[in-house]
Structures are given as C-alpha cells and as structure tokens.
Amino acid sequence: MTHHISLTDIPDLNGRYDLYGAVHKGLRKAGCDLLCRLGSTDFDNADECEAVLGDLRTYLMLAASHVVHEDDNIHTVLQGRGVSTGTVDDQHDEHREAFADLEKLAVCVSRAIPIARRAAGRKLYLAFAAYIAEDLAHMHEEETQTAPMLWQHFSDADLAAVEMRIVSSMSPEKNMAFMRIMIPAMNPAERAALLGAMRKGAPPEVFEAVMDFAVRPSLPPKAVDDLVDRLKLAA
Ligand SMILES: [Fe+2]
C-alpha cells in the first residue's frame with residue numbers, strides 16, 4: 001500500500017450514522033492485543049504456542065468475514081450509486097492474500113520441530129505486525145474517505161439498514177464473537193448506546209446472552225457496573 005494517509009483530514013461525524021466505528025474499534029483492539037501477545041509468546045512452550053495460534057485463527061476468521069461484509073453490503077451499494085470503490089476493493093484483495101500468508105506462517109509454527117519454533121514464531125510476529133500496519137491504514141481510508149461517500153449518498157436509515165443486513169447475515173455464534181471484540185474496545189457511552197438499543201430491539205434472552213458471554217467476560221467489573229448504571233438511567 002503506497003498511497004499517502006492524511007492525519008489531519010479527518011471528517012467530523014456531525015451526528016451521522018457511524019457504520020464503521022464500533023467494528024473497526026473492535027478489530028483494532030483485538031489486532032493490537034494479539035500483536036503484543038505474539039511478541040511475548042514463549043514459542044518454546046507448546047501449550048502457549050497452540051493457545052496463541054488458536055486466537056490468531058479466530059481473529060483471522062473475523063477479519064476475513066468483516067471484509068466480505070463490507071464487499072457485499074457497502075461496496076455494492078456505493079457502486080450502485082456510481083461511486084468507485086477501487087481503492088478499498090484492492091486493499092481487501094491484499095488482505096485476503098495476507099490472511100493466506102499468515103495461515104501458512106501459523107502452520108509453519110505448529111509443524112516446526114521444537115528447536116525451530118522460535119524462528120518460525122518470529123516470522124509470524126513480524127508478518128502479523130506488517131498486516132496490522134496495513135489494516136490500520138486501510139480502516140483509516142474507510143473512515144476518512146469511504147464514510148463521507150456513504151453520508152453523501154445515503155440517509156442514516158439506509159445505513160442502519162445496511163448494518164442490519166450484515167448482522168442478520170451472521171450466525172448467533174459469529175455475532176457473539178464480534179460483540180466480544182467490540183464491547184471492550186468501545187467507550188462507555190458507545191457501549192451503553194449499543195446495549196441500550198439491543199435491550200430495546202432484541203429478545204430479552206439475546207440481550208442477556210450478550211451480557212453474559214460478551215460483556216461480563218470482556219470488561220473489568222467497574223466497567224460492567226458503569227454500563228448497568230447507564231442502562232438503568234436510560235430505562
Ligand atoms: Fe474494509
């Protein structure tokens with residue numbers, strides 16, 4: 001990826017629908033956390049090694065389905081309005097190549113004889129760091145260049161419908177996996193808004209499942225209390 005990123009040309013939300021905000025925060029936090037873990041993993045320890053590779057594969061699965069969600073639901077509607085999505089389409093293709101390369105490097109780590117595992121782990125760590133660098137730049141492109149196109153061509157209700165299509169295309173398990181990375185990455189007000197909307201719009205058992213399987217395990221107790229207080233106030 002060679003094109004220039006502007007650090008100052010960042011559009012204001014101006015109250016518009018933030019289609020990318022929460023999921024990108026989740027992917028950034030999960031990706032950066034995983035990068036730090038890959039850097040500190042004891043690749044001589046087989047259990048530690050398998051655990052981090054398992055988390056890497058979960059992350060790659062979520063990142064790959066996120067790219068498909070955007071291709072199928074965001075790029076298509078923009079193209080329908082005559083907006084070119086060439087740059088972000090190309091970046092998604094590069095991501096798909098990166099996912100395949102990272103999987104190959106993960107296989108190298110698991111198959112390496114113990115004495116070679118450290119070297120294979122270092123390659124995986126460096127490759128993952130480079131992927132995260134590209135993904136951060138790509139998400140910046142989407143939130144500063146693609147989002148204004150969406151605001152220009154669609155209403156907030158249209159964009160909410162796009163998000164609803166994405167959410168309803170996923171299994172409950174996959175939705176929960178996205179919730180698990182998004183909730184700890186959001187700020188308290190965003191978290192309360194998401195959970196508040198879910199409590200209003202989803203069946204009670206779905207809301208409770210998200211609280212039990214995504215909120216409580218991913219947040220410190222103080223942040224859970226804060227969320228519960230905000231939800232009470234909003235009730
Ligand atoms: Fe994207």
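Remarks
- Failed condition for residue 74, given (1) surrounded by 15 or more Cβ atoms within 10 Å (Cβ to Cβ); (2) more than 20 Å from residue 140 (Cα to Cα): (2)
- Residues that are of a type in the set (Gly, Ala, Ser), at pLDDT 95 or above and assigned to a helix (DSSP H, G or I) within the range 44-96 comprise 51, 54, 63, 64, 65, 80, 86, listed in sequence order.
- Subset of the range 30-50 that is away from the ligand (no atom under 16 Å from the Cβ) and within 22 Å of residue 183 (Cβ to Cβ) - its residue that is least open to solvent (accessible area, probe 1.4 Å): 34
- Of all residues in the range 7-34, those that are of a type in the set (Ser, Thr, Tyr) have Cβ atoms under 8 Å from Cβ atoms of residues that are surrounded by fewer than 16 Cβ atoms within 10 Å (Cβ to Cβ), 6 or more apart or on another chain, in 17/156; 17/160.
- For the range 130-164, a residue qualifies if it is more than 18 Å from the chain's Cα centre (by Cα) and within 14 Å of the ligand (Cβ to nearest atom), and the qualifying residues are 145, 149, 150.
- Some residue of the range 52-65 being β-branched (Val, Ile, Thr) and open to solvent by 30 Å² or more (accessible area, probe 1.4 Å): yes
- Applying the set (1) open to solvent by 60 Å² or more (accessible area, probe 1.4 Å); (2) modelled with pLDDT of 95 or more; (3) charged (D, E, K, R); (4) over 30 Å from residue 42 (Cβ atoms) to residue 226 leaves exactly one unmet item: (1).
- Residues that are open to solvent by less than 50 Å² (accessible area, probe 1.4 Å) and not polar (S, T, N, Q) were ranked within the range 82-97; the one that is farthest from the ligand (Cβ to nearest atom) is 83.
- Condition check for residue 100: of a type in the set (A, V, I, L, M, F, W, C), more than 30 Å from residue 231 (Cα to Cα) and open to solvent by less than 40 Å² (accessible area, probe 1.4 Å): no
The values are calculated or read from the model by the stated rules, or taken from the named source; none is laboratory data. Just so it is clear, the model here is predicted, and its values are computed rather than measured. Heads up, the Cβs are rebuilt from the backbone with ideal geometry, glycines too, and the neighbour counts pull from every protein chain shown. Each accessible area value is taken on the protein alone, full model and side chains, heavy atoms only, with ligands, DNA and RNA left out. Shrake-Rupley method; radii C 1.70, N 1.55, O 1.52, S 1.80 Å.
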